[in-house]
Amino acid sequence: MGYDTQPKASHFVDGQYIEDTSGAVMEVVYPATGAVIARLHEATPAIIEKAITSGRRAQAEWAGMMGVERGRILRRAADIMRERNYDLSVLETHDTGKPMSETLYVDATSGADALEYFGGLAGSLTGEHVPLGGDWGYTVREPLGLCVGLGAWNYPTQIACWKGAPALACGNAMIFKPSETTPLCALKVAEILHEAGLPAGLYNVIQGAGDVGRALVGDERVDKVSLTGSVPTGKRVYASAAEGMKHVTMELGGKSPLVVFEDADLDNAVGGAILGNFYSTGQVCSNGTRVFVHKSIKEAFLKRLAERLGSAKIGDPLDETVNFGPMVSSSQRDIVLDYIAKGKAEGARLVCGGSVIAGDGFYIQPTVFADVTDDMVIAREEIFGPVMAVLDFEDEADVIARANNTEYGLSAGVFTRDISRAHRVIGQLQAGSCFINSYNDAPVELPFGGSKLSGVGRENSKTAIEHYSQLKSVYVRMGDVEAPF
Ligand SMILES: NC(=O)c1ccc[n+]([C@@H]2O[C@H](COP(=O)([O-])OP(=O)(O)OC[C@H]3O[C@@H](n4cnc5c(N)ncnc54)[C@H](O)[C@@H]3O)[C@@H](O)[C@H]2O)c1
Ligand SMILES: NCCCC=O
């Protein structure tokens, strides 16, 4: 393969790589070939303890530094990340199977954006002066303490940075546990942060599956938990965090609607639906997997969609001309195949795809079902793979009600040339991250996150500061204290 994917050790704690070979072995599999590309060990209780104690020790001093000093380190890390974009992209491709045509432009890039953005904010995290007649008060924005980040496998570098950057900017320490499926990239984020001058202990990366995550969430020395993952995991983590009244951010799953009206620019709408269903081989939380298309343009939409899908270049994700790679794992592919079988059994019309691509790796065809109805399993459950469900509609009020008829609320999109309708419809869709004549843009400047079962809190933007800090209020009496006795 010619690229060394085996890290120096499994964990990065207190400023250095450390190993404890008594932890269970984790094999990292390259999704494009099925080959084992690294062997790591799960964190043992000793590794977890070291991550917690070093994080708490380092945090007290970090919180006492000036915000601009903290920010300078984060911005330096952003620069290093950009300089190493190519190598980081190759690693991300090995970790996830996503094609280089994506990882070169999205993953380390959006991680660097977060480090730069929150580095820039770090010096301006101030409180308020509050006049109270003759007295006055003030507020101080303080860090929470020790934060735990738990990552999903679809965006390992991005998730490590989206959680780490605001946490560190606010003066917290972070222990990040990547997904056990994609453990490699977060180690590079830790390396870069420390190379940029981050004091040891402030960004620790430890490996493992749910057990390690559970131990971190349940530890009373942890003040905040930020999870990116599925709704069932979110419910468990939220409940455990509630035991200790810890702060939480929950970035969870979705089954988002994308509504295409009859006046939409057809090619743009098809492009949005492709981005919202097949980017990262469909493994994007905010995907618009329920595509409601106005009946009058449905066949034209499907024809154009099938034409454009026919030109997808599926293959070796390291080939920069490839734009559709394998799924992350064999087990995730099996889950998706099971949904495809359910779609067929329930009578949805298979427009294209639907099969495994023979050969090495976990490849599956981009798949489109039409004539999907609201009650079908493929229209109700998150598939997290390249499967688009196209549903018909004729009436605006009806499609809004149907789009909202889900327990999820992560994203929603609308394609129309009618500007009033665009805002009217988006205003009624129950979702945290919405798009007009576009899909799946996630710039660091905009809040990202879901409503309903899709999440709690928001990542990115100035809003994320509120989720990694708390306010202390101070009342200042200028005169004498009048007590009743
Ligand atoms: N909203 C978002 O921003 C966003 C982004 C990416 C992925 N996702 C969602 O993530 C899911 C796919 O990712 P996944 O399969 O890795 O999710 P997952 O829920 O299986 O795992 C997420 C993380 O939680 C850890 N974990 C599992 N059980 C735990 C427990 N009891 N206590 C503590 N930690 C535990 C896992 O080890 C992993 O690191 C999809 O549902 C997708 O929609 C959401
Ligand atoms: N690019 C945003 C992806 C977040 C969810 O998977």
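Annotations for the structure displayed:
- Subset tally (residues that are part of a helix (DSSP H, G or I) and closer than 28 Å to residue 153 by Cα) for the range 273-304: 10
- Scan of the range 20-46 for residues that are farther than 30 Å from residue 324 by Cβ and over 25 Å from the mean Cα position of the chain (by Cα), ordered by number: 20, 21, 22, 23, 24, 25, 44, 45, 46
- Remark: residue 224 matches the filter, which requires a residue to be more than 16 Å from ligand 2 (Cβ to nearest atom), in contact with a strand residue (DSSP E or B) (Cβ under 8 Å, 6 or more places away or on another chain) and among the charged types (D, E, K, R).
- Restricting attention to the range 223-260, the residues that are within 11 Å of ligand 1 (Cβ to nearest atom), touching a residue at least 40 places away in the same chain (Cβ under 8 Å) and of a type in the set (A, V, I, L, M, F, W, C) add up to 6.
- Boolean, residue 381 is of a type in the set (D, E, K, R) and touching a strand residue (DSSP E or B) at 6+ places or on another chain (Cβ under 6 Å): no
- Filtered by the rule that a residue be closer than 27 Å to residue 416 by Cα and in contact with a helix residue (DSSP H, G or I) (Cβ under 7 Å, 6 or more places away or on another chain), the range 446-468 gives a lone residue, 447.
- Scope the range 376-434; condition among the small types (Gly, Ala, Ser), part of a helix (DSSP H, G or I), open to solvent by less than 10 Å² (accessible area, probe 1.4 Å) and over 21 Å from residue 306 (Cα atoms); matching residues: 403, 422
- Taking the numbered list (1) within 16 Å of ligand 1 (Cβ to nearest atom); (2) among the charged types (D, E, K, R); (3) under 23 Å from residue 198 (Cα atoms) in turn, residue 87 passes all entries but (1).
- Total residues in the range 443-452, condition in a loop (DSSP other than H, G, I, E, B) and either away from ligand 1 (no atom under 11 Å from the Cβ) or surrounded by fewer than 20 Cβ atoms within 10 Å (Cβ to Cβ) (or both): 5
- Considering (1) away from ligand 1 (no atom under 16 Å from the Cβ); (2) within 24 Å of residue 287 (Cα to Cα); (3) among the small types (Gly, Ala, Ser), the lone condition that residue 179 does not fulfil carries the number (1).
- Just one of (1) in contact with a strand residue (DSSP E or B) (Cβ under 8 Å, 6 or more places away or on another chain); (2) closer than 30 Å to residue 19 by Cβ; (3) open to solvent by 10 Å² or more (accessible area, probe 1.4 Å) fails for residue 215. It is (1).
- Hey, residue 201 in contact (Cβ under 8 Å) with a residue 24 or more places away in the chain, open to solvent by less than 10 Å² (accessible area, probe 1.4 Å) and under 30 Å from residue 333 (Cα atoms) or not: no
- Members of the range 333-365 that are surrounded by 23 or more Cβ atoms within 10 Å (Cβ to Cβ), assigned to a loop (DSSP other than H, G, I, E, B) and in contact with a helix residue (DSSP H, G or I) (Cβ under 6 Å, 6 or more places away or on another chain): 362
- Residue in the range 122-135 that is of a type in the set (Gly, Ala, Ser), within 15 Å of ligand 2 (Cβ to nearest atom) and not in a strand (DSSP E or B) present: no
- Residue list for the range 116-154, filter: free of Cβ contacts under 8 Å to residues at least 60 places away in the same chain and open to solvent by less than 20 Å² (accessible area, probe 1.4 Å): 119, 122
- Residue 315 being buried (at least 18 other Cβ atoms within 10 Å of the Cβ) and free of Cβ contacts under 8 Å to residues at least 60 places away in the same chain: yes
- Filter result (within 16 Å of ligand 2 (Cβ to nearest atom), surrounded by fewer than 22 Cβ atoms within 10 Å (Cβ to Cβ) and part of a loop (DSSP other than H, G, I, E, B)) within the range 229-272: 230
For (1) assigned to a loop (DSSP other than H, G, I, E, B); (2) surrounded by fewer than 19 Cβ atoms within 10 Å (Cβ to Cβ); (3) touching a helix residue (DSSP H, G or I) at 6+ places or on another chain (Cβ under 7 Å); (4) of a type in the set (Gly, Ala, Ser), each residue gets a yes or a no:
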| residue | (1), (2), (3), (4) |
| --- | --- |
| 4 | yes, yes, no, no |
| 8 | yes, yes, no, no |
| 22 | yes, yes, no, yes |
| 32 | yes, no, no, yes |
| 55 | no, no, no, yes |
| 58 | no, no, no, yes |
| 63 | no, yes, no, yes |
| 73 | no, no, no, no |
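- Qualifying residue in the range 202-218 (condition: charged (D, E, K, R), away from ligand 1 (no atom under 14 Å from the Cβ) and farther than 30 Å from residue 399 by Cβ): no
- Of all residues in the range 218-228, those being out of contact with any Cys (no Cβ under 8 Å at 6 or more places or on another chain) and open to solvent by 40 Å² or more (accessible area, probe 1.4 Å) number 3.
- The criterion of being basic (Lys, Arg), surrounded by 19 or more Cβ atoms within 10 Å (Cβ to Cβ) and either assigned to a helix (DSSP H, G or I) or at pLDDT 95 or above (or both) holds for residue 50.
- Number of positions in the range 297-340 that are closer than 19 Å to residue 378 by Cβ and touching a Gly at 6+ places or on another chain (Cβ under 9 Å): 9
- Residue within the range 79-86 that is assigned to a helix (DSSP H, G or I), away from ligand 2 (no atom under 16 Å from the Cβ) and hydroxyl-bearing (Ser, Thr, Tyr) present: yes
The values are calculated or read from the model by the stated rules, or taken from the named source; none is laboratory data. As the structure is a prediction and not an experimental result, all values here were calculated from the model. With ideal geometry, Cβ positions are generated from the backbone for all residues, glycine too; neighbour counts draw on all protein chains shown. Just the protein is used for accessible areas: all its heavy atoms, side chains included, with ligands, DNA and RNA removed. Shrake-Rupley method; radii C 1.70, N 1.55, O 1.52, S 1.80 Å.
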